[in-house]
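Engineer: Structure in structure tokens, see below.
Where a number appears in this text, it was derived from the coordinates with a stated rule and is not lab data. If you're wondering where the values come from, they're calculated on a predicted model, not measured in any experiment. Note that we place each Cβ from the backbone using ideal geometry, even for glycine, and neighbour counts take in every protein chain shown.
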Amino acid sequence: MKKISPEQLERQGKWNEAIKLYEMHLRRNPNDEYAIKKLGDLYERVGRREDAIRIFSKLGNYYLKNQFYKKAIAIYKKIYQMDPSNINYGMKLAELYSLIGLKVNAKNLYLHLAELLSKQKRMKDSIEVYKKLASLYPEDLQTKEMLVNLYLNEGIKDEGVSLLIEIAREFYSKGNIEEAISRVKRALTLQPDNLEALKFAKRLSEVAGTDIFEKFAREALKRSTNREVKNLLLDYYISIQEIEKAKQLIEELLIRDPESEELKRKLADIYLFTGDFDRAFSIISSLAEKKVEEGEDEVALELLNSLLKVKPTHEQTLEKVAEIYENAGKKNSLIAVLSTLAEIYEQKGEEEKLTNTVKKLLTLDPDNVAFQEWYARLIGEEFETEEEFVNTHMEEAENYMKLELWVKAEAELEKILSKYPDHWQARLKLLEVYLRKGDKKATKRLADELRMEALNNPEKLEQLENLLSSFVKEEEAIEKEKAEDSDEMMELEEEILEEEEELLSSEGSETMFDFSLAQKELLDEQEEEIEIEEEDFEKGSEEVKMETSDISLEEASSVSNTELVEQEGVQIPTVEEELLQETVPPTRDEFNPEELIQEAGGEKVDLTTFGTEFEQLLEKEEKAEEVPSEKAEEKIEGEVFDLGKVIAQELEAMEEVEAEDEDERKKEKLEKEMIKKFSSSMSASVAEEDYQTHFDLGIAYMEMGMYDDAIAEFQISSKAKGKRLESLELMGICLLEKGLYEEAIETLERGLKEEGHSPEKYLGLKYNLARVYAELGNRERAKELISEINSVDPEYLAKVKAPEELLQ
């Protein structure tokens, strides 16, 4: 038998049979759009309206879900026509109109729905409809007014007042001030302490010159003690320059709340506004003192600065600021404030305060020429500039040096350095004094300091080299002259001995005797000449100590040897003893600059190794002085003292000493101590907030293996946000090098927790953390970190030349 389709049954008028077939079909195919629509039409045709609405709703939801909005509108429109009393379907249809931009259709439908709801006394539902309508047309103030009335009629005051203020703002933006004021008045009548309404009323009053705000604010203060309302009213009085009203209001409020800092600050602001700075200071200083006691120096300074912004030269305020800076140890800020105060004192003629302030400035910054001149002028002294002061004492030192008065020359130079401790030329001249005095310890100390300072300054390095080289040449010339004198004396002695032998070989010849006497007279004359030459030669040396304490140089030259013996008990050496003394190498305990020369002949000094080699050479000289005199005499018998040869021998000995491990360690230790001393002084002079310099110092310490000092510098530089990650990484490396594995892990992990950096920035931290775990035997954790590094940058480990054991 041939099947009959539901369409055929529908055409035959057999609607119920067709319905059954469609229902059976939809049970098998529930999403068949055509079948659903046909079934809904049949339900409607046979009067099954509820079934029709149900099946059409299902189709409408399907269209909405798939965003077939036009089809959905057609379905919901059909449903709403079938049941106009169903508000939900009407709302759904209106929303669809709005969704596709059919605002007019949506508005008409919303208004229709709102009217139906009002008739049904469903006011809350009507409010929801108007809210939809207001959202659809935000510029339609009439709709919002209707909504305000609905809110108020239903007792929903907060929403009604809020919408009234919104309407007032809309009128204000359109320039309709009167309508805006009208809505604000209504809002404040409904809620007198509404802050939003009061703030807007304040603005309207300031613009329009109306007293609406003052009236309602005063009314609000009667009902409550809201601080915001107080502040608004005070600000309003100040803005319209009603100062008396503002002061009166604050006094009233302070009676209720006498400890209010906010009210006191407002009163201080009023005094500042009126120019009554002393009264303002009285209030502000008491508030500032309280903040200082609470440890809030910055807040105290902010309070005081509020006065200085209006009156920058207010003396009492500046004094209070200076006191806070001094107690906080802020030197630069204190100097700036005291300088300003000093100028004020000078203008006012307050001499005592001025003198004390300038004196304090000099204490804080003793090298400041302006302060020095200022203070000298105040105490009535003639001011001497740095250049004048230095030149005066340098000239004195030069004069004393010409007279070989080394102690006095040193004292003049110390006067310069006590005032200007870093003056290079004075220090260089002082080194020359030490050299000529033969003060080995002072020479070494100062030479080391100058060498460290001159390492990065070619000009200073050259000056230091020239000084040492010229001194060496002078010493060589002196030694050479001594050697020549020694040769002449030896030749003379040999001649005399030969003549005496000839005389002794003769037996009592009167002629021979006379000749011998003549020779002796000649010998006496030669001895006297030699003595005079020796005296001239040794006049400038402080090593020679005159035994004739009460005889001047002129008197001593006229006194005979016999008289000297009788007066002072001086023993006059024989010619042979003098000759022997002349040929013995000098053993005076003074500095020998030859030890600084790498090649004989007075070439320039190599200052790059000056510190350690100089110490070793001094030790060498002391050992040489301990050689028994007999050996020295044996040496003299065969040869004259040769300065160049001694220098060469000293250099050979120095090279041998440097080769020894123990001395090598001494050298490294000395260099480290010198560098550390230099770097420590530099670190101390760097401001803590100069993070870049502390970071650079940390790297320098790290490269020298001074890990504790490096860690200290990195701890400071890690306070800078831009340097924190890198500082933590380098700190971790230092801890790893020291074997402090747990501390290294903690530091590096802290770096990994820092946020806001690219993945590449964390690679160094992860790599060094992997090194630590590998050292501790935690291979698993090390591999995890290596894997993370490779995932970001596969070439990183090759770049840092990671060891094979870490990659396995």
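Engineer: How long are the semi-axes of the equivalent ellipsoid of region 262-325, taking √(5λ) for every eigenvalue λ of the Cα gyration tensor, in whole Å from largest down?
Structural biologist: The three semi-axes for region 262-325 are 18, 14, 8 Å.
Engineer: Also, I was wondering about something else. To the nearest 0.05, what FRET efficiency results for N457 and K408 with a Förster distance of 25 Å applied to their C-beta separation?
Structural biologist: Once rounded, the FRET efficiency stands at 0.25.
Engineer: Starting from the coordinates of the alpha-carbon atoms of region 330-378, obtain the Kirkwood hydrodynamic radius over all distinct pairs and give the value in Å to one decimal.
Structural biologist: On the way: mean 1/r = 0.0947 Å⁻¹.
Computed over Cα pairs of region 330-378, the Kirkwood hydrodynamic radius comes out at 10.6 Å.
Engineer: Would you please classify the overall shape of region 700-807 from the alpha carbon gyration tensor, given that a ≥ b ≥ c denote the square roots of the eigenvalues, rounded means a/c under 1.5, and beyond that prolate means a/b larger than b/c while oblate covers the rest?
Structural biologist: Oblate shape, in that a/c is at least 1.5 and b/c is the bigger or equal ratio.
Engineer: I would also like to ask the following. Within the set K437/K460; K70/K121; K71/K132, which residue pairs have Cα atoms separated by over 26 Å? Kindly include the intermediate steps, with their values, before the conclusion.
Structural biologist: Values: K437/K460 23 Å; K70/K121 33 Å; K71/K132 23 Å.
Where the Cα-Cα span goes over 26 Å, the pairs concerned are K70/K121.
Engineer: Would you mind checking the pairs K124/K144; K408/K444; K14/K77; K199/K247 and listing those with alpha carbons more than 18 angstrom apart?
Structural biologist: Details: K124/K144 15 Å; K408/K444 21 Å; K14/K77 27 Å; K199/K247 21 Å.
Violating the 18 Å limit, Cα to Cα: K408/K444; K14/K77; K199/K247.
Engineer: While we're on this one: Need one number: nm distance between label points at K311 and E754, each 7 Å from Cα along Cα→Cβ, rounded to one decimal.
Structural biologist: It works out to 4.8 nm between the two label points.
Engineer: Oh, and also: Could you size up the charge dipole of region 41-155 around its Cα centre, putting +1 on the beta carbon of Lys and Arg and -1 on that of Asp and Glu, and report it in debye to the nearest 20?
Structural biologist: Around 380 debye, computed over region 41-155.
Engineer: Can you give the FRET efficiency for K348 and Q142, using 1/(1 + (r/R0)^6), R0 = 60 Å, r = Cβ-Cβ distance, to the nearest 0.05?
Structural biologist: The calculated FRET efficiency here is 0.30.
Engineer: Provide the per-residue ³J(HN,Hα) series for region 114-126, in order, calculated from phi with Karplus coefficients 6.51, -1.76, 1.60 and θ = phi - 60°, each as a whole number of Hz, with x at glycine and proline positions.
Structural biologist: 4, 5, 4, 5, 5, 5, 7, 6, 9, 5, 5, 5, 5
Engineer: DSSP loop trypsin sites (Lys or Arg not before Pro) in region 729-808 with at most 16 other Cβ atoms within 10 Å of their Cβ, which ones?
Structural biologist: K738, K753, K801
Engineer: For the pair N176 and A483, how long in nm is the line joining their label points, each one 7 Å along Cα→Cβ?
Structural biologist: The modelled label-to-label distance comes out at 11.7 nm.
Engineer: How about region 287-375: which GluC sites (Glu not before Pro) there are in a DSSP loop, with at most 14 other Cβ atoms within 10 Å of their Cβ?
Structural biologist: Passing sites in region 287-375 are E294, E296.
Engineer: Right, something else. What residues have an amide H closer than 5 Å to that of Y137, excluding those fewer than 5 places away on the same chain, when H is modeled at 1.01 Å from N in the peptide plane?
Structural biologist: none
Engineer: Here is a further query. Can you give the charge dipole size of region 700-807 about its Cα centre, rounded to the nearest 20 debye, using +1 on the beta carbon of Lys and Arg and -1 on the beta carbon of Asp and Glu?
Structural biologist: 260
Engineer: Which FRET efficiency value, to the nearest 0.05, is calculated for H112 and Y62 with the Förster distance at 30 angstrom and r the Cβ-Cβ distance? Write down the numbers at each step before the final one.
Structural biologist: Values: r = 27 Å, r/R0 = 0.89.
The value I calculate is 0.65.
Engineer: Could you rank the peptides 721-731, 695-705 by their average count of other C-beta atoms within 10 Å per residue, with the highest value first? Could the numbers behind the result be given before it?
Structural biologist: Details: 721-731: 20.3, 695-705: 18.0.
Ranking, from highest mean packing down: 721-731, 695-705.
Engineer: With only Lys, Arg, Asp and Glu charged, each at its Cβ (+1 for the first two, -1 for the last two), find how big the charge dipole of region 117-178 is about the Cα centre; round to the nearest 20 debye.
Structural biologist: Once rounded to the nearest 20, the dipole reads 280 debye.
Engineer: Continuing with the same structure: Tell me, what is the percent relative contact order of region 26-83, built from C-alpha pairs under 8 Å that lie six or more residues apart?
Structural biologist: Relative contact order, region 26-83: 26 percent.
Engineer: Please give, to one decimal in nm, the separation of the simple spin-label points placed at R279 and W424, each 7 Å out from Cα toward the Cβ.
Structural biologist: Taking the two extended label points, one gets 6.2 nm.
Engineer: What is the total of Lys pairs in region 700-807 with C-alpha atoms under 19 Å apart, excluding same-chain pairs fewer than 8 positions apart?
Structural biologist: 17
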